[in-house]
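The values are calculated or read from the model by the stated rules, or taken from the named source; none is laboratory data. Note that this is a predicted model, so its numbers are computed, not measured. Backbone-built Cβ (ideal geometry, glycine too); neighbour counts: all protein chains shown.
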């Protein structure tokens, strides 16, 4: 576990201000760049669209629920697609256990530049037929939408990467660097696959990429059906759960005693529910609020600018956090009770009471410091506090022009006038472990969706047909731009 010292934080913040200014200059220039390319020019050919849809359907109809052998079947199916397209067998690998198969495929370049990692995942969360309006593992098209489990999270990304590799190979494209596709089979659960791949053994397959582009984060926001912003995810909060437990000798329920395990735990959790971690800003959330202010008005816009500028930002941050759970999650570490388990019989005093508290920690904060704060807030030595798993720090990826400029130029062509907004995910992806291994990650999903209608992991998950093909072409041209 790494501690981030005050000096490191101050150094990173000083660097971040410079990086943010450089990135802002790039964005400002690109926002005023010529946008004569029509959307029609951004559409893939009919044959390319048909191939991508075929691959997408094949993936969706393999029920690759996390922890099942279907994840390996999906990986092998995509490997066969690439082998059939002419990729050498020594560059296409299916790795991992049968219940978490992953694909690693390398498109060999000239070696003039370091490799790029291109990321997606094949596993999905469960879906029950009786809960859905459609068969969740049959691709159903209706009203301009594709419905099925995994259509948005994240088989669209996997299908785009494979289809574009096939297309690049067919076109005879020779990149100036290796392009490495990684489709993991356990992102929804342990992320053991990506952790192995970025470790010492897995590096023999993926090499030492300069950076990674992730289809499983970022993307565009739609408001009232119109493109409002294109999000580039450059940071994630640190995921860490704690187990809280109180033990007690118990006894007969007919003779209650004040020393009750449930009461100890409940009172501690009430104190936790009232605690707010301090607000904090980093280079990614600074950029987010600066850009987001352009879409807001009145006091909200003023508060976002104050947070981004750092002038009077503390009061402004508290107002934004109080008004929006999302803004609250961006501005501070959060810890919330998610599970409870207590007692062993209706007529017995509880011998134990347990709770799970899930924390999402800002990337510039220390998990150990968060644990110390939890103990102080619970304020009860009877409550044992234990980390459920080792946390993985995830430093923000630098907002550098050499990565942002090609993305911005393409966004200006595809969606004229739509600004790029840097984002920090309040959740987690495989990118967490890639960043921690020293490889910067940028989430560039490129699929525009209404954030108020996000159905990932939910009932009737869906993908807009037009938006899929738009993102397919965006990724094709983006990969070429980064490797030409």
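General remarks:
- Restricting attention to segment 420-448, the residues that are surrounded by fewer than 20 Cβ atoms within 10 Å (Cβ to Cβ) and touching a helix residue (DSSP H, G or I) at 6+ places or on another chain (Cβ under 7 Å) add up to 1.
- Residue selection: residue 428 satisfies the criterion of being touching a residue at least 12 places away in the same chain (Cβ under 8 Å) and under 26 Å from residue 282 (Cα atoms).
- The residues in segment 275-301 that are assigned to a helix (DSSP H, G or I) and surrounded by fewer than 15 Cβ atoms within 10 Å (Cβ to Cβ) can be counted, and the count is 3.
- Residues (closer than 15 Å to residue 52 by Cα and touching a strand residue (DSSP E or B) at 6+ places or on another chain (Cβ under 7 Å)) located in segment 80-99: 82
- Of all the residues in segment 385-418, those that are exposed (fewer than 15 other Cβ atoms within 10 Å of the Cβ) and in contact (Cβ under 8 Å) with a residue 12 or more places away in the chain number 5.
- Flag for residue 165 being assigned by TED's automatic domain parsing to the domain that holds residue 470 and within 17 Å of residue 480 (Cβ to Cβ): yes
- Answer from 136, 63 - the residue that is modelled with pLDDT of 95 or more, under 24 Å from the mean Cα position of the chain (by Cα), farther than 29 Å from residue 210 by Cβ and crowded, with 23+ Cβ neighbours inside 10 Å: 136
- Test for residue 42: is it modelled with pLDDT of 50 or more, surrounded by 14 or more Cβ atoms within 10 Å (Cβ to Cβ) and farther than 21 Å from residue 193 by Cβ: yes
- Where strands (runs of 3 or more DSSP E) fall wholly inside segment 330-445, the ranges with 3 or more residues that are within 26 Å of the chain's Cα centre (by Cα) and not assigned by TED's automatic domain parsing to the domain that holds residue 470 are 334-342, 352-361, 420-425.
- Given (1) surrounded by fewer than 16 Cβ atoms within 10 Å (Cβ to Cβ); (2) closer than 30 Å to residue 291 by Cβ; (3) in contact with a strand residue (DSSP E or B) (Cβ under 8 Å, 6 or more places away or on another chain), index of the condition residue 223 fails: (3)
- Taken over segment 446-484, the criterion of being more than 21 Å from residue 137 (Cα to Cα), at pLDDT below 95 and assigned to a helix (DSSP H, G or I) is satisfied by 451, 452.
- Checking 272, 244, 197, 265 one by one, the residue that is surrounded by 14 or more Cβ atoms within 10 Å (Cβ to Cβ), touching a helix residue (DSSP H, G or I) at 6+ places or on another chain (Cβ under 6 Å) and assigned by TED's automatic domain parsing to the domain that holds residue 368 is 272 and no other.
- Members of segment 80-99 that are part of a helix (DSSP H, G or I) and either touching a helix residue (DSSP H, G or I) at 6+ places or on another chain (Cβ under 9 Å) or modelled with pLDDT under 95 (or both): 81, 82, 83, 84, 89, 91, 98, 99
- Every residue from segment 94-126 that is within 21 Å of residue 192 (Cα to Cα) and surrounded by fewer than 18 Cβ atoms within 10 Å (Cβ to Cβ): 97, 98, 99, 125, 126
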